[in-house]
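> Below you'll find the structure I mean.
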Amino acid sequence: MLQEAMEVFQIMLQEKGERIITDAYIPKDGTYRLIVMKDDGWVIKDPVDIIFNKKTNTVDISNDMDYLLIQELDYKSKLLEMNKPIDPKKVIHSNNYLSLAVKKESVTSGKLSEEIIQQYYEILRNPNKKYEKKPQARALYHVAEERLGQPDIEAIDKIEKFILANKEDIWKGINLEKKNYVKLFFVYQEEEKTKEIYKIESERYLIPNIYNNNNFNMEFEKGIVGLPNDNMGMNSKKPYLENKTRKVKVPYLLDQESALLQSKFFDYLFGQVSKKTISHLCG
């Protein structure tokens with residue numbers, strides 16, 4: 001049944017694009033700010049407060065001019081889960097160099113230190129460091145790099161330097177006392193260029209992290225397959241999920257393309273649940 005649903009979803013995705021996912025995606029409560037990278041100087045735009053109203057199941061937005069773009073960039077910048085961060089200290093909750101997402105209390109408390117910011121961008125400059133002690137994840141990252149190219153070191157350096165040199169300005173006008181998020185998105189003047197680069201950097205994060213546990217990965221002639229992370233979790237506390245009578249104990253394995261598609265499918269379903277389009281997820 002899941003495979004049949006995925007086939008239908010893939011057709012929908014091809015016909016309508018990823019807006020079918022992001023249209024239903026609800027950003028976490030917080031303050032969002034776009035920073036436009038221009039040749040003649042970068043522009044820090046006014047902050048946008050986004051709060052989900054649980055009584056009306058609608059999103060309250062202080063200024064909806066950039067909401068659709070913020071919605072898409074936030075979706076492409078989110079972590080799969082907190083156990084799969086870029087920042088090993090888990091202070092920064094975004095997945096690419098164009099975004100910086102933190103809890104506001106991390107800013108006011110000083111937890112978001114220069115050291116944390118520098119470490120975050122150093123990992124994004126050289127993702128091999130993150131995966132150097134994880135051979136299965138490292139193999140997947142090499143797949144990602146072959147497909148997407150190497151990180152844009154020049155852009156990463158510029159954004160890191162801008163953040164460190166403009167700490168007062170980037171938080172200006174934002175109520176940091178609220179118990180929610182603050183997220184910065186660096187964007188180009190051309191919206192389509194921005195969306196394309198966010199997509200590339202999102203996949204650079206997703207491919208090495210898309211599987212439930214890379215220890216279950218297997219390599220075949222056609223590439224690496226693994227256990228998807230969406231509706232099945234296996235670990236030492238769940239030995240009953242193993243197929244004890246089979247040579248391969250993992251219930252099912254997917255290649256990266258199929259795992260990425262399934263991840264998008266579950267994001268689509270959760271979005272529909274959030275909008276109350278459907279009342280619950282089956283499974």
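> Over 16 Å apart: what share of the alpha carbon pairs of the stretch 45-96 falls there, rounded to a whole percent?
Of all Cα-Cα pairs in the stretch 45-96, 55 percent lie more than 16 Å apart.
> Where the convex hull is taken over the Cα atoms of the stretch 100-200, what is its projected area averaged over directions, in nm²?
7.9
> Classify the stretch 1-120 as rounded, prolate or oblate from the Cα gyration tensor: take a ≥ b ≥ c as the square roots of its eigenvalues, call it rounded if a/c is under 1.5, otherwise prolate when a/b beats b/c and oblate if not.
prolate
> By how many degrees, 0 to 90 and rounded to 10, does the Cα axis of helix 153-165 deviate from the longest principal axis of the chain?
So the helix axis and the longest Cα principal axis differ by about 50 degrees.
> Compute the acute angle (0 to 90°) between the alpha-carbon long axis of helix 191-209 and the principal axis of greatest extent of the alpha-carbon atoms of the chain; round to the nearest 10°.
Around 40 degrees separate the two axes.
> Could I ask something else about it? Which ³J(HN,Hα) values, rounded to whole Hz and listed in residue order, are derived for the stretch 102-113 from phi using the Karplus coefficients 6.51, -1.76 and 1.60 in 6.51 cos²θ - 1.76 cosθ + 1.60 with θ = phi - 60°, glycine and proline given as x?
For the stretch 102-113, the Karplus-derived couplings read 9, 6, 4, 5, 5, 6, 5, 7, x, 4, 7, 8 Hz, x marking Gly and Pro.
> Top to bottom by accessible area (1.4 Å), largest first, where do MET65, MET12, MET37 land?
Highest to lowest solvent-accessible surface, that is MET65, MET12, MET37.
> Taking the simple approach of a point 7 Å from Cα along Cα-to-Cβ for both ASP39 and GLU154, what is their distance in nm?
In this crude spin-label approximation the distance works out to 1.3 nm.
> I would also like to ask the following. Over the alpha-carbon set of the chain, work out the extent along each principal axis and list the three values in angstrom, largest first.
Principal-axis extents of the chain (Cα, largest first): 61, 45, 37 Å.
> Find how many whole Å separate the alpha carbon centroid of the stretch 153-229 from the alpha carbon centroid of the stretch 89-103.
Measuring centre to centre over Cα atoms gives 7 Å.
> Please state the charge dipole magnitude for the stretch 67-143, taken about the Cα centre, from unit charges on C-beta atoms (+1 on K and R, -1 on D and E), reported in debye and rounded to the nearest 20.
Result for the stretch 67-143 is approximately 300 debye, rounded to the nearest 20.
> Another question, then. Expressed as a rounded percentage, what relative contact order does the stretch 20-125 have, with Cα pairs under 8 Å and six or more residues apart?
17
> Please state the charge dipole magnitude for the stretch 1-90, taken about the Cα centre, from unit charges on C-beta atoms (+1 on K and R, -1 on D and E), reported in debye and rounded to the nearest 20.
My answer is approximately 400 debye.
> How about the stretch 181-231: which trypsin sites (Lys or Arg not before Pro) there lie in a loop by DSSP and see at most 12 other Cβ atoms within 10 Å?
LYS222
> I'd like the carbon and sulfur percentage of the solvent accessible area for the chain, probe radius 1.4 Å, heavy atoms only, ligands and nucleic acids excluded.
Carbon and sulfur atoms account for 49 percent of the accessible area of the chain.
> Also: Tell me, what is the per residue accessible area of the chain in Å², probe radius 1.4 Å?
In whole numbers, the chain has 55 Å² accessible per residue.
> Right, something else. Which whole-number percentage describes the relative contact order of the chain, with Cα contacts under 8 Å and a sequence gap of 6 or more?
Over the chain, the number comes to 23 percent.
> If the only charges are +1 at each Lys and Arg Cβ and -1 at each Asp and Glu Cβ, what is the size of the charge dipole of the chain around the Cα centre, to the nearest 20 debye?
Once rounded to the nearest 20, the dipole reads 1380 debye.
> Could you sort out which of LYS38/LYS193; LYS45/LYS199; LYS78/LYS195; LYS78/LYS104; LYS28/LYS158 sit more than 20 Å apart by Cα distance in this structure?
LYS45/LYS199; LYS28/LYS158
> Taking the 0 to 90 degree range and rounding to the nearest ten, how far is the long axis of helix 135-148 tilted relative to the main principal axis of the chain, both from C-alpha atoms?
Roughly 60 degrees between the two axes.
The values are calculated or read from the model by the stated rules, or taken from the named source; none is laboratory data. Source: prediction; values computed, not measured. Cβ coordinates were reconstructed from backbone atoms using ideal geometry, including for glycine residues, and neighbour counts include every protein chain displayed. The accessibility values were calculated without ligands, DNA or RNA, using every heavy atom of the protein model including side chains. Shrake-Rupley method; radii C 1.70, N 1.55, O 1.52, S 1.80 Å.
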